[in-house]
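Here is the structure we will look at.
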Amino acid sequence: MLIGTNIGQDYTDKISKIQNELDFVDRIYVIEEKNDEIVLAVRIKPSKSYRNHNESVVLDEDEELNILKSKAESIFGKKLVILKSAIEEVNYVLNKISDYLKSHGGSVKVKEVNEEKGEVIVSLQGACALCPSAIATMKAGIRRTLSRYIPWIKKVESAEKPVEPNFNFKLAPKPQK
């Protein structure tokens, strides 16, 4: 079981119950809690036969997700949003900061996600790409936000190398001693 967010700590018993009752759930954790819904990240085991009330049953992924949603909504007592993949999780969380980036004339685009390694590579776009504060935006904004909501993230990097600002002036050479 993977519960990596602060929010997720409040749901340990509920998540354990889901995993104990639904054999097809590989991992499940809480990304976010809202007033009327909970956002869950879920990984489903590759399709095979599962135990269901001592019967062996074969389900497709849609059936598994419907069963999971019904069970989890009854356990949590709220509507659910289920994110099924690492890229869905990353995009969901980045959407939280997109308005801020847009207000500065920029955006962020996901270039690569490697859940096994815990790595995400993003590209700052628009005004953010050439902004002198791009490094701070990566570290304090994007990296911190992704790491706060998604427990498997270990590393967030920019697809581009940081650009030194060009102020269009030349410095005088150092005086010779």
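Roughly what angle does helix 86-103 make with the longest principal axis of the chain, taking Cα atoms, 0 to 90 degrees, to the nearest 10?
Long axis of 86-103 versus the principal axis of the chain: about 40 degrees.
In terms of Cα to Cα distance under 16 Å, which aspartates and glutamates are near enough to Lys161, apart from those fewer than 8 places away along the same chain?
Once the sequence-local aspartates and glutamates are set aside, what remains near Lys161 is Glu112.
To test your reading of the geometry: what angle, between 0 and 90 degrees and rounded to tens, separates the Cα axis of helix 61-76 from the longest principal axis of the chain?
Helix 61-76 and the main axis of the chain meet at about 90 degrees.
For the cross-link pairs Lys69/Lys111; Lys17/Lys96; Lys34/Lys102; Lys17/Lys109, which exceed 32 Å when the distance is taken from alpha carbon to alpha carbon?
Working: Lys69/Lys111 30 Å; Lys17/Lys96 30 Å; Lys34/Lys102 24 Å; Lys17/Lys109 36 Å.
Going by Cα-Cα distance, Lys17/Lys109 fall outside the 32 Å limit.
Give the aspartates and glutamates whose C-alpha is closer than 15 Å to that of Lys117, dropping any in the same chain fewer than 8 places away, or say none.
List returned: Glu157.
Alpha carbon centre of segment 70-119 versus segment 128-142: separation in Å?
20
For a Förster distance of 25 Å, can you work out the FRET efficiency between the beta-carbons of Ala127 and Lys154, rounded to the nearest 0.05? If you can, show how the numbers build up before the last one.
Values: r = 29 Å, r/R0 = 1.15.
The pair Ala127/Lys154 has a calculated efficiency of 0.30.
List the chymotrypsin sites (Phe, Trp or Tyr not before Pro) within segment 100-177 that DSSP assigns to loop and that have no more than 10 neighbouring Cβ atoms inside 10 Å.
On the way: sites: Tyr100, Tyr149, Trp152, Phe167, Phe169; in loops: Trp152, Phe167, Phe169.
Listed in order of number, the matching sites are Phe167, Phe169.
Each reported figure results from applying straightforward, stated rules to the coordinates on display, with no laboratory input. Keep in mind that this is a model prediction, so the values were computed, not measured. Reconstructed Cβ throughout: ideal geometry from the backbone, glycine too, with neighbour counts over all protein chains shown.
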